[in-house]
1. Being modelled with pLDDT under 95 and either on the phi > 0 side of the Ramachandran plot or touching a helix residue (DSSP H, G or I) at 6+ places or on another chain (Cβ under 7 Å) (or both): is that true of GLY91 here?
2. Condition check: farther than 17 Å from GLU139 by Cα, buried (at least 20 other Cβ atoms within 10 Å of the Cβ), free of Cβ contacts under 8 Å to residues at least 60 places away in the same chain and not basic (Lys, Arg). Does THR46 satisfy that?
3. Only one of TYR53, TYR76 is assigned to a loop (DSSP other than H, G, I, E, B) and of a type in the set (Phe, Trp, Tyr); which?
4. Just give me the residues in region 82-116 being crowded, with 18+ Cβ neighbours inside 10 Å and touching a Lys or Arg at 6+ places or on another chain (Cβ under 7 Å), in sequence order.
5. Under 6 Å between Cβ atoms, which residue pairs at least 6 apart in sequence (or on different chains) link something in region 90-101 that is under 15 Å from PHE80 (Cα atoms) with a partner that is surrounded by 13 or more Cβ atoms within 10 Å (Cβ to Cβ) and of a type in the set (Ser, Thr, Tyr)?
6. Take the residues of region 57-81 that are farther than 20 Å from LEU133 by Cβ and surrounded by fewer than 18 Cβ atoms within 10 Å (Cβ to Cβ): which is modelled with the highest pLDDT?
7. Restricting the search to region 1-27, which residues are at pLDDT 95 or above and either in contact with a Cys (Cβ under 9 Å, 6 or more places away or on another chain) or on the phi > 0 side of the Ramachandran plot (or both)?
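The values are calculated or read from the model by the stated rules, or taken from the named source; none is laboratory data. This is a predicted model, so every value here is computed, not measured. Cβ coordinates were reconstructed from backbone atoms using ideal geometry, including for glycine residues, and neighbour counts include every protein chain displayed.
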Amino acid sequence: MDSSEVTRRIREAFEGVTAPEANGDTFFLYDPDGDLPPERQMPFATIVTGDHYDTVSRLDGPDAYRLNIGLTKAGYTAHFGAVPTERDENGVYDTGFDYAARDVLMPHPTYAAQHWVCVVSPGSATFEALRPLLAEAYEFSVRKHVNHGRRAKA
């Protein structure tokens, strides 16, 4: 699976999603009206296509990209237990995972403490297994959007 196929599948699976791109990366936002101000544009998933944020995933190779998914605390801990706390000199969390391994669900190298997980170049079977995680991240994003709207009207 390439990154454009993953982008297509995420956009088709979830209503109200916009997918802005910057520097070849894609950011999946729940924005049903297309009017979120920049300060509220927090993606529920991203696709990073190069080493411009970190180099531990080695995304400089052919067909390499990383799908990142922002889970709830409960979702993250169900898969990986407590969030990591120890970082190396480059700010990468020590989780015991090889962050360059392909097609393996793992904590995000720099955002694990915020309950993000990732997969470098997921295959079709892995992507199918990720659908519940993507749905969790999407539903959490929807809840935050709805709650903010209610507070704004109150």
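1. yes
2. So THR46 does not fit the description; no.
3. Just one listed residue meets the conditions, TYR53.
4. Correct list: TYR93, HIS115.
5. Pairs found: TYR99/SER57.
6. Top of the filtered list is ARG58.
7. GLY16
Residue-wise test of (1) within 17 Å of the chain's Cα centre (by Cα); (2) outside any loop (DSSP other than H, G, I, E, B); (3) among the hydroxyl-bearing types (Ser, Thr, Tyr).
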{"residue": "PRO84", "(1), (2), (3)": "no, no, no"}
{"residue": "ASN90", "(1), (2), (3)": "no, no, no"}
{"residue": "TYR99", "(1), (2), (3)": "yes, no, yes"}
{"residue": "THR110", "(1), (2), (3)": "yes, no, yes"}
{"residue": "VAL119", "(1), (2), (3)": "yes, yes, no"}
{"residue": "THR126", "(1), (2), (3)": "yes, yes, yes"}
{"residue": "ALA135", "(1), (2), (3)": "yes, yes, no"}
{"residue": "VAL142", "(1), (2), (3)": "yes, yes, no"}
{"residue": "HIS148", "(1), (2), (3)": "no, yes, no"}
